[in-house]
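K.L.:
Let me begin by handing over the structure; questions about it come next.
The values are calculated or read from the model by the stated rules, or taken from the named source; none is laboratory data. Given the structure is predicted, the values throughout are model-derived calculations rather than measurements. Please note: Cβ atoms are built from the backbone with ideal geometry, for glycine as well, and neighbour counts cover all protein chains shown.
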Amino acid sequence: MNQATKPISNRIAIIFDFDRTIIPCDSFYVLLEDCGIDKDDFYKNYVNPLLEDDWQHYLARSYGLVKESNGRKTNKITKSTLTDLGKKIQLCKGVERMFDRLEQKMTQIDQDIELEFYLMSGGFVDIARSTSIAKYFKGMWGCELHYNENEKDLIYHYRDIPPEEIRIPINQVIDVADCTSDIPCFTVMNQYGGIALGVHPEDKTGDQWKHADEITSNQKLTNLVPANYQENSETMNSICLAMESIAQKINLSKHQCW
């Protein structure tokens, strides 16, 4: 049993994606609309030329936003633009009460096991940090924009998670994501015994999930559920069952004789 899978603590981590997972949309597109930017024109002028030059999609659209802001004489896109958007962005059904409900469920399952929430997104984490639910997350990671001294110009920045900050083994992790950019994460979940839950739009069915053809045998999901986190919803029931399963593994490891 290696370090990645060996239980080392009485902790369970639930990692949530942001876009199309705990909010029903892509926050980048909401940001464009909030800034008065036409999505089609933005992609035509900034993003598509970079994609044709083999840029990664998230980097291309972020760099495009930097160029758009730097080209403006007024109404620059600043940190306040992102934080103000986070305060008003719509959440999926049940999200605001979800964290308290899951903590209560964890206490019922095993009061000695701590439940921790994390957010990992390909979107701008400054938006997520300004939402009403940010207080529940022990850590939040995503794309970040660096701002100059007068907060007028954007510089794209990305931060990796150093190994020393990984404090919970992957086989005690539940990953909840919509899969737009999360399929590689599911590979890691499968490789090290974590639990991967895919979510799809509430107004769609699992059969209509557009990423089905992208999933390989090494990226299989434990379940595919609608993005609805109300009490007794299919999604909440799946998360709770995953918590129970991991808690049983943690308790079983305490009785191993070797």
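K.L.:
Would you check which residues across the stretch 27-86 are surrounded by fewer than 17 Cβ atoms within 10 Å (Cβ to Cβ), of a type in the set (Gly, Ala, Ser) and either in contact with a Lys or Arg (Cβ under 9 Å, 6 or more places away or on another chain) or closer than 15 Å to Ile127 by Cβ (or both) and list them?
P.N.:
Ser80
K.L.:
Something else: Counting just the residues of the stretch 217-242 that are outside any helix (DSSP H, G or I), hydroxyl-bearing (Ser, Thr, Tyr) and touching a Ser or Thr at 6+ places or on another chain (Cβ under 8 Å), which one comes out modelled with the highest pLDDT? Steps first, please.
P.N.:
Taking the stretch 217-242 first, the residues outside any helix (DSSP H, G or I) are 220-233.
Filter once more, keeping what is hydroxyl-bearing (Ser, Thr, Tyr): 222, 229, 233.
Adding the requirement that they be touching a Ser or Thr at 6+ places or on another chain (Cβ under 8 Å) leaves 222, 229.
Numbers: Thr222: 76, Tyr229: 97.
Of everything passing the filter in the stretch 217-242, Tyr229 is modelled with the highest pLDDT.
K.L.:
Next up: With the checklist (1) outside any helix (DSSP H, G or I); (2) surrounded by fewer than 16 Cβ atoms within 10 Å (Cβ to Cβ) in hand, flag the one item Gln108 doesn't pass.
P.N.:
Here Gln108 clears every test but (1).
K.L.:
Would you point out which residue out of Leu102, Leu59 is closer than 29 Å to Pro226 by Cα and not assigned by TED's automatic domain parsing to the domain that holds Ala242?
P.N.:
On the way: Leu102 fails: not assigned by TED's automatic domain parsing to the domain that holds Ala242.
Of Leu102, Leu59, the one residue that is closer than 29 Å to Pro226 by Cα and not assigned by TED's automatic domain parsing to the domain that holds Ala242 is Leu59.
K.L.:
I need the full set of residues from the stretch 62-78 which are part of a loop (DSSP other than H, G, I, E, B) and more than 24 Å from Ile133 (Cβ to Cβ), in order please.
P.N.:
The answer is Gly71, Arg72, Lys73, Thr74, Asn75, Lys76.
K.L.:
Of the conditions (1) β-branched (Val, Ile, Thr); (2) part of a helix (DSSP H, G or I); (3) closer than 30 Å to Ala196 by Cα, Thr81 clears all except one; give me its number.
P.N.:
It fails just one condition, (3).
K.L.:
Here is a list: Leu59, Leu85. Which entry is closer than 24 Å to Ser132 by Cβ and touching a residue at least 24 places away in the same chain (Cβ under 8 Å)?
P.N.:
On the way: Leu59 fails: closer than 24 Å to Ser132 by Cβ.
Result of the check over Leu59, Leu85: Leu85.
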